[in-house]
1. Quick check on the range 78-121: of everything there that is touching a Ser or Thr at 6+ places or on another chain (Cβ under 7 Å) and within 25 Å of F45 (Cα to Cα), which residue is most open to solvent (accessible area, probe 1.4 Å)?
2. Identify all residues within the range 61-87 that are of a type in the set (D, E, K, R) and either away from the ligand (no atom under 11 Å from the Cβ) or under 16 Å from the mean Cα position of the chain (by Cα) (or both); write none if there are none.
3. Within the range 1-38, restricting attention to residues that are over 11 Å from the mean Cα position of the chain (by Cα) and of a type in the set (D, E, K, R), which residue is least open to solvent (accessible area, probe 1.4 Å)?
4. All but one of (1) in a helix (DSSP H, G or I); (2) without any contact (Cβ under 8 Å) to a residue 60 or more places away in the chain hold for E67; state the number of the condition that does not hold.
5. Which one of I33, I21 is part of a helix (DSSP H, G or I), in contact with a Cys (Cβ under 6 Å, 6 or more places away or on another chain) and within 13 Å of the ligand (Cβ to nearest atom)?
6. Looking at the range 141-163, which of its residues are in a helix (DSSP H, G or I) and open to solvent by 70 Å² or more (accessible area, probe 1.4 Å)?
7. Quick check: is even one residue across the range 51-60 farther than 18 Å from N119 by Cα, within 11 Å of the ligand (Cβ to nearest atom), of a type in the set (G, A, S) and open to solvent by less than 30 Å² (accessible area, probe 1.4 Å)?
8. Collect the residues in the range 88-140 that are over 30 Å from R157 (Cα atoms) and in a loop (DSSP other than H, G, I, E, B), keeping them in residue-number order.
Amino acid sequence: MLSVVCPGSFDPVTNGHVDIIERASKLADQVYIAVMVNKNKRGLFPVERRIELLGASLEHLDNVSIETFSGLLVDYCQARGARAIVKGLRAVGDFDYELQMAQMNHRLTEVDTLFVATNPLYSFLSSSLIKEVAAFGGDIEGLVPAPVLEPLVAALRSPEPPA
Ligand code: PNS
């Protein structure tokens, strides 16, 4: 039985995230989506809302559960019995930092990181860029899951209070 963790901020979840999570759910028996709580960084959506939006976007996957974590990712992995972290790699720009984190995480607890090559359809996507485009009225349909569209536009109009 292989359990893996897909970690991130997910503020909000994008179609690029969904693609990686769908592929992780085919590779592993159980996928834990770990939404990082960062008390020093105020996001657009409170963490509970990010979890709701992830849930609504991943209803079709039955071996995925969504939780928050704070502290070290490797401690969360150990608590869940997950042997690997699954991450998407969009382009070489992601590589240096991701490699550094993967090596540190392996040094800490021997948890491995499996990199999945992002679908080229989504390799230009990031939550930050989507928020910027949407904030200026750009069309983000097809870039985020359908349940995220309306809440994102509404939150950019009047941000929700932090979690
Ligand atoms: O979606 P993001 O913001 O790129 O996700 C980054 C995340 C959550 C994967 C990363 O910041 C992380 O693992 N944070 C947890 C704290 C931790 O374990 N730090 C040491 C990493 S080697």
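The values are calculated or read from the model by the stated rules, or taken from the named source; none is laboratory data. Only a predicted model underlies this, so the values are computations on that prediction, with no experimental measurement involved. Counting neighbours? That spans all protein chains shown, and the Cβs are built from the backbone with ideal geometry, glycine included. Heads up: the accessible areas ignore ligands, DNA and RNA and are worked out on the full protein's heavy atoms, side chains in. Shrake-Rupley method; radii C 1.70, N 1.55, O 1.52, S 1.80 Å.
1. R90
2. Hits for the range 61-87 are D62, E67, R80, R83, K87.
3. Selected residue: E22.
4. (1)
5. I21
6. Here is the first cut: in the range 141-163, the residues in a helix (DSSP H, G or I) are 146-157.
Within the range 141-163, A146, E150, R157 qualify.
7. no
8. A91, E110, V111, T118, N119 - these are the residues of the range 88-140 that are over 30 Å from R157 (Cα atoms) and in a loop (DSSP other than H, G, I, E, B).
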